Amino acid sequence: GSPKGPPLPPSNVRLSSATPTSVTVAWEAPAGSTDLTFYKVVIGNSPSDPTNTTELLAQLVYERTITPLVEGTVYYVTVQSQDLSGWSPPAQVPARPIAQATAPTNVTILAMSAGHALLEWDPPLSLTTGPVTNGLSISGYQVEARFPLGDPAGAWQGLG
């Protein structure tokens with residue numbers, strides 16, 4: 001038979017989480033790959049010059065946390081597959097270390113009645129602005145009130 005070409009790049013390369021000093025990138029094996037030997041993960045400061053860090057990972061590893069990084073800086077993470085015929089084309093994702101989500105904005109009381117309040121808000125700006133939020137999303141909100149209601153010295157309690 002004719003020689004086989006290099007493998008396909010990893011699929012679904014994505015930013016799965018971030019902290020102020022790290023990013024975690026995940027991927028899946030390319031379709032139809034049966035004889036991969038390694039994945040190569042490279043991080044850099046521009047899409048065309050990923051030179052900061054290179055790591056070879058075993059074929060059954062589908063995630064890598066990269067640290068230490070600088071909060072707010074956009075990095076470019078490239079992942080490639082390898083088999084006996086060589087390296088795949090690169091699959092790349094931009095990634096930005098970010099802090100914990102900030103508070104929601106534009107919190108508004110829409111209606112109030114005895115024992116009830118209807119609130120509305122916009123997502124925090126930290127996850128909705130800027131070019132790189134790939135894969136990161138708000139997983140929930142926590143609403144608290146002081147009890148007894150209206151008492152500025154009351155204890156904060158979470159509402160279900």
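The values are calculated or read from the model by the stated rules, or taken from the named source; none is laboratory data. As the structure is a prediction and not an experimental result, all values here were calculated from the model. With ideal geometry, Cβ positions are generated from the backbone for all residues, glycine too; neighbour counts draw on all protein chains shown. For the accessible areas, the whole protein counts, side chains as well, though only heavy atoms, and no ligand, DNA or RNA atoms are used. Shrake-Rupley method; radii C 1.70, N 1.55, O 1.52, S 1.80 Å.
Some observations on this one:
- Cβ-Cβ FRET estimate between Ala153 and Thr21, R0 fixed at 41 Å, reported to 0.05: 0.65
- Cα gyration tensor shape of the stretch 1-80, rounded if a/c is under 1.5, else prolate or oblate by comparing a/b with b/c: prolate
- Model label points for Thr67 and Leu110, set 7 angstrom from Cα along the Cα-to-Cβ axis, are 3.9 nm apart.
- Based on protein heavy atoms only, the stretch 1-97 ends up with 51 Å² per residue of surface accessible to a 1.4 Å probe.
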